[in-house]
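Peer 1: I am attaching a structure below and will ask some questions about it afterwards.
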Amino acid sequence: SQNPNYYNLRGVSDTDLSQHLSEVIEQTFHRLFNANCISVDEQMQVSTLNNGLICSFYYITYTTIEFFYSAIHKLVVSSSSSSSSSLSLETVPSASTSP
């Protein structure tokens, strides 16, 4: 489609397109970071975390893994505060890049 309104573009110039794509990329990075799928260091180097590897391997969305990670985290926190069990996030198996 060549309708700029469809993509919420402010205009059709190269500058407008570049600015829109930069915003989309930045928003995507923030979403993946908040879902614990990626990490970004001081030099702006991006690394994949276990949640990101799981999403990629099993073809699931970052929102799904964010939901499950949150549920596991709540379970671990409530479990550790109500009993002395040794359950922690470290006991959750990490994703492997090989099948």
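The values are calculated or read from the model by the stated rules, or taken from the named source; none is laboratory data. It should be emphasised that the depicted structure is a prediction, and the values quoted were computed from it without experimental measurement. Here the Cβ positions follow ideal geometry from the backbone for every residue, glycine too, while neighbour counts run over all protein chains shown. When the accessible area is computed, the model is the full protein with side chains, heavy atoms only, and any ligands, DNA or RNA have been set aside. Shrake-Rupley method; radii C 1.70, N 1.55, O 1.52, S 1.80 Å.
Peer 1: Highest first, please rank the peptides 15-21, 5-11 by the mean number of other Cβ atoms sitting within 10 Å of their residues.
Peer 2: 15-21, 5-11
Peer 1: Order these peptides, 34-45, 50-61, by their mean beta-carbon neighbour count within 10 angstrom, highest first.
Peer 2: Result, highest mean Cβ count within 10 Å first: 50-61, 34-45.
Peer 1: On to the next question. Measure off, as a whole percent, the carbon and sulfur share of the 1.4 Å-probe accessible area of region 1-71, all protein chains present.
Peer 2: Percent of accessible area from carbon and sulfur atoms in region 1-71: 55.
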